[in-house]
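Before any comments, here is the structure.
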């Protein structure tokens, strides 16, 4: 977006009661609300950060939508991704322009938009979604945001694997991500980044078990908690209420298959890298029992 | 980084006791440690995620360094930025390829590296640092990471203002950010994003007062808390200890100067947008007193 | 309360929509709700943990009210005390049967009830409240709960000091507790426990400054955060939302007046024990400057 | 403890490097440290909150030990209970003088001491411990603290059930508390309070399943997080590091056996009260299937 509004820009209108509206600016158009209308021409050629008034004197603040605003304003069929989590996912998967990434599933593309903005213009997001309604909504949303050039959308199941190989990262936003770890391992480049988001701790358990029984290393589980403060300087204190939980984030790295790769880990860390079978054998051997090689 | 290691790539070596070493790969070179050496040629042309052994049989896992790894491994003179905070800053400032951003101060460029990766290749970071040692270290660090092409480093004080105007965002990582809000306002485009990081609540107070007495809107204070979990599936629980605090994050948007821009806010939100002078006047007038227009 | 309900007991009725009602049981009485009535005689002589039905078939679960339930169900004029904070206050002030304690102000006696239950039957709470309506409500509430025998209520200002001396603990639940620290020090026994609850960080600053400029040691500031989990075992996860903040808790110990008491503290801890004057002098002297004795 | 120290009192000595020592005062005795000795007679007849010096000029601050200090200073064989958790347990179990309570297992009596102080002098703690060393240490610790008169210690297994019935509360601090829920239900009075402490989420799952398949209501899972702040008023901020996790707390109430007690709960709450069998049946019936009565 340039310094002044141009035709085709997306603008965020914020009402006095904090309702958010996204509009795409087009010369000659009007935007209608219960409190009157705004002429798009009043926006074009002028900077944002301004208040506009309807013919009834109702005021809207016109802002450039942030990535956070876009996530929260897009039409959606599915559970929203929280921007705090999306931000951490980009960091942990080490996404930046030029990187390639597989995402499954797309949902309404709330996370896809963040991922595409992270890797564009030279990188690419390959995103899989089975449900036709979500697939269509995702495509529309990405198109509205002019992000489709950086995303390949697959309306496909991933049981049979991904089309892409040697990608830098794979992110699974699915109910049962542990079912797709072999496909994930096959699609990742060596040392590639794995991530997943799951709401319940039961899912964490199954996913970590799945990662530890395969050649994934540096397994990590974390929560990102965002604590907002009230901004009255004379009475500074945290907000009364906050989001207590959105999801658990799980991350790992693809490592080469084979036992020898484990020898570098100290004992308590190695447990995390070893599968259950290997752990049982190792513990048995520590107890002086004979186990098969 | 391509799928196999090439000369010039930066590789992360992780020792069994979890020490991290960054090396830049060069044909014919050797990397020496207390436990023996690694030949760079053993890396070239092969994928990462592999274990390499020194001549004494000591093992190192070779990984592609993540953005998080780079932040934590770079030489530095100053307090580290936590990657959880850097991630949220990129989100809140709405950074993506093509955006322009002013940062002050640079420090050892831990945050600069994240910002540059977010806006490159078509955007730009303008970063200010007064201390010569930090300035030199920042330049070396960014050069090592091949990020200098996307960063303009100024070894200058910012009291007199910034060289740039109409930038998308300004981020202040300074002891007294409230002293530079006029310069910040002047450098930002309309609706542009302001951010700052301050460790103490006393600094939050002064910064929020400064923002509220100028034409900044949507002022926001938050903490990002990262809670790690242990990854033993049969005994899943949070880690025993965690980082309790790194810094408070403060964000705002530049809004047009002038009283009329405030009329759109509901009462309890408007307080945050109004300066102290205006608040005193408004409260006086609510109590039935006469105040100047 | 004995194992079966007796006349005079307080019983908690919980409706299907989680509304809570406290009733005092009296033979022959009926309790009326929008959904019909409950005969007190249906409770008398039988254990609790039972479901009772109105004549319209509406069900209420009859439970013994917990201390937590009592706090949250009592009539009140003031901000509620959270039971998580009340619990920690009892712990930090080291309250148990036989201890004596001053509380100011009483409010509607939500905290007083917890304190009285902690120190009864041989200890005593001396509680001060200036507002007549709060004072009356507190007395009624404590009387209903049969706790008045363990509480002395003063409808008085505390500017002139407390009537009691050598008490084990003093707890201030006031807007400006720092104004009453001399009175507090005078009322406490040596080594006695000080506590206060303040909602904002600005109040924390003033209170800690006040404590450090007087003979108080072991100053401590903390928040107690209660994170509830959903209890569906197959989908275990924290609740979506939680209380982000109730108040900051500040604690300290009375120490003997006089400089020599500071000599035992290591340097970084000693700062907390020293008043601002002393700190300024010490820092000046460390910089080699001459300061007045 | 009276206002001045008397023979037999327990006193806490805090060294300049923050080491804590508990001593029982006896006329004519001396307490020896690496830095010299303290004469008990210097304590007797004088208030606490004073600094005492050894013959080498080393200073110790003499304080009355708080309940928190006692927990953390007692000899122990087992994992410590955190005072923040102990405080919440007393609140949730609604303990106060006169109440009766079963605890299993005793461990080194860190929690027992808090429970005994809550219910004495007219109530009683019945505490079970199988390991002879823990049992002996617990008895010694309670004896030292003069709390044995309020505690009945059983060196017994609880598989066969508890000796006591109609107690107000039962608290299980065991590795597998779900194995003892029938014994717990049998020992509790109607509406009685159940509590347990478990470190891992896997234990939470099994315990909640166990409670929901029996006649327990108001099941609750929570964590208590204690966030300490630094106390330098000019640079107020949370401490850098904190305890991220000690244990999950699980609470419930005994309710009368029988289906009718469930009818009062709204749908989403009722799930928590229903056993797995009942839930499966209910869900089947909601799907229009035929299930047995």
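So the values come out like this:
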quantity: Cβ-Cβ under 7 Å pairs, at least 6 apart or on other chains, segment B:16-31 side touching a residue at least 60 places away in the same chain (Cβ under 8 Å), far side part of a loop (DSSP other than H, G, I, E, B); calculated: B:24/B:8
quantity: Residue within segment D:187-199 that is modelled with pLDDT of 95 or more and part of a helix (DSSP H, G or I) present; calculated: yes
quantity: Any hit, segment B:133-141, residues being in contact with a helix residue (DSSP H, G or I) (Cβ under 7 Å, 6 or more places away or on another chain) and either farther than 26 Å from residue B:9 by Cβ or assigned to a loop (DSSP other than H, G, I, E, B) (or both); calculated: no
quantity: Residue A:33 modelled with pLDDT under 90 and surrounded by 14 or more Cβ atoms within 10 Å (Cβ to Cβ); calculated: no
quantity: Number of positions in segment D:79-88 that are in contact with a helix residue (DSSP H, G or I) (Cβ under 7 Å, 6 or more places away or on another chain), touching a residue at least 40 places away in the same chain (Cβ under 8 Å) and more than 8 Å from chain C (Cβ to nearest Cβ); calculated: 1
quantity: Failed item, numbered, when residue B:219 is tested on (1) at pLDDT 95 or above; (2) under 25 Å from residue B:168 (Cα atoms); (3) in a strand (DSSP E or B); calculated: (1)
quantity: Search result, residues across segment A:211-223 that are under 24 Å from residue C:234 (Cβ atoms) and either over 22 Å from the mean Cα position of the chain (by Cα) or more than 8 Å from every other protein chain (Cβ to nearest Cβ) (or both); calculated: A:211, A:212, A:213
quantity: Yes/no for residue B:153 being more than 9 Å from chain A (Cβ to nearest Cβ), farther than 16 Å from residue A:96 by Cβ and either in a loop (DSSP other than H, G, I, E, B) or modelled with pLDDT of 95 or more (or both); calculated: yes
quantity: Given (1) more than 7 Å from chain C (Cβ to nearest Cβ); (2) within 30 Å of the chain's Cα centre (by Cα); (3) part of a loop (DSSP other than H, G, I, E, B), number of the condition residue D:26 does not satisfy; calculated: (2)
quantity: Qualifying residue in segment B:5-23 (condition: touching a helix residue (DSSP H, G or I) at 6+ places or on another chain (Cβ under 6 Å), more than 13 Å from every other protein chain (Cβ to nearest Cβ) and at negative phi); calculated: yes
quantity: Among (1) under 18 Å from residue B:96 (Cα atoms); (2) more than 13 Å from chain B (Cβ to nearest Cβ), the one test that residue A:76 misses; calculated: (1)
quantity: Test: residue B:293 is crowded, with 19+ Cβ neighbours inside 10 Å, more than 8 Å from chain A (Cβ to nearest Cβ), at pLDDT below 95 and farther than 29 Å from residue B:165 by Cα; calculated: no
quantity: Residue list for segment C:227-247, filter: more than 22 Å from residue A:204 (Cβ to Cβ) and either part of a loop (DSSP other than H, G, I, E, B) or more than 8 Å from chain A (Cβ to nearest Cβ) (or both); calculated: C:244, C:245, C:246, C:247
quantity: Residue match in segment C:40-48 (condition: touching a strand residue (DSSP E or B) at 6+ places or on another chain (Cβ under 7 Å) and under 23 Å from residue C:114 (Cα atoms)); calculated: yes
quantity: Hey, residue C:62 at the interface with chain D (Cβ under 9 Å from one of its Cβ atoms) and either in contact with a strand residue (DSSP E or B) (Cβ under 9 Å, 6 or more places away or on another chain) or under 30 Å from residue C:170 (Cβ atoms) (or both) or not; calculated: yes
quantity: Single residue of segment A:170-186 satisfying the filter (part of a helix (DSSP H, G or I) and away from chain B (no Cβ under 12 Å)) that is surrounded by the fewest Cβ atoms within 10 Å (Cβ to Cβ); calculated: A:182
quantity: Checking residue C:31 against (1) in contact with a helix residue (DSSP H, G or I) (Cβ under 8 Å, 6 or more places away or on another chain); (2) assigned to a strand (DSSP E or B); (3) at the interface with another protein chain (Cβ under 9 Å from one of its Cβ atoms), the condition it does not meet; calculated: (3)
quantity: Residue satisfying condition, being out of contact with any strand residue (DSSP E or B) (no Cβ under 9 Å at 6 or more places or on another chain), under 29 Å from residue C:99 (Cα atoms) and either away from chain C (no Cβ under 12 Å) or in contact (Cβ under 8 Å) with a residue 24 or more places away in the chain (or both), within set D:121, D:132; calculated: D:121
quantity: Selection within segment D:194-210 - touching a strand residue (DSSP E or B) at 6+ places or on another chain (Cβ under 9 Å) and either closer than 21 Å to residue C:69 by Cα or at the interface with chain C (Cβ under 7 Å from one of its Cβ atoms) (or both); calculated: D:194, D:195, D:196, D:201, D:204, D:208
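The values are calculated or read from the model by the stated rules, or taken from the named source; none is laboratory data. Model, not experiment: these values are computed from the prediction. Virtual Cβ from ideal backbone geometry, glycine too; neighbours counted across all protein chains shown.
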